[in-house]
Amino acid sequence: MKTIKKYWKIIAGAIVALFGVIFLISRKITANKLDKTEEEIDKNNSKIDKLAGKLERIKKEEAEIKDDIKEQKEDLTETKKNKDDIIVPKRTTIGAKENIIKKTRK
C-alpha cells in the first residue's frame, strides 16, 4: 500500500503537469491566433483609411466637375442668346461688285 501511495503522488503530479502543459500550449496557440487576427484587422483598417481618402478625393472632384458643367451650361445658354441677337446685314449684288472692284484696283 505504501508503494501505491508513493506512486499515487507521482501519477497525480504527472496528470496535473500534463494538464498544465496542454493548458500552456493551447494558450500559446490562442495567443498566436489573436496576434494574426489583430494583424489582419490592422491591415483592413489601413485599407479602409486609404479607400476613405480616395472617396473624399472623388467627392471633391465630382463637386468640381458639377460646378464646371453648370458654368458651361450657363455659357452655352448665353452664347445661344447672343447668337440669336446677331443681325447680319444683307449685301446686295451691287455692293459685292463694288467691293470686288476696290480690291482688284489695289
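Since every read-out is calculated from the coordinates, none of them should be taken as a lab result. What you are looking at is a predicted structure, and each value in this text was computed from that prediction instead of being measured. Cβ sites come from the backbone with ideal geometry, for glycine too, and all protein chains shown count toward neighbours.
Computed quantities for the displayed model
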| read-out | value |
| --- | --- |
| Filtered residues of segment 41-96 (kept if in a helix (DSSP H, G or I), of a type in the set (A, V, I, L, M) and more than 43 Å from the chain's Cα centre (by Cα)) | ILE94, ALA96 |
| Single match in THR37, THR104 (criterion: β-branched (Val, Ile, Thr), surrounded by 10 or more Cβ atoms within 10 Å (Cβ to Cβ) and either touching a residue at least 12 places away in the same chain (Cβ under 8 Å) or in a helix (DSSP H, G or I) (or both)) | THR37 |
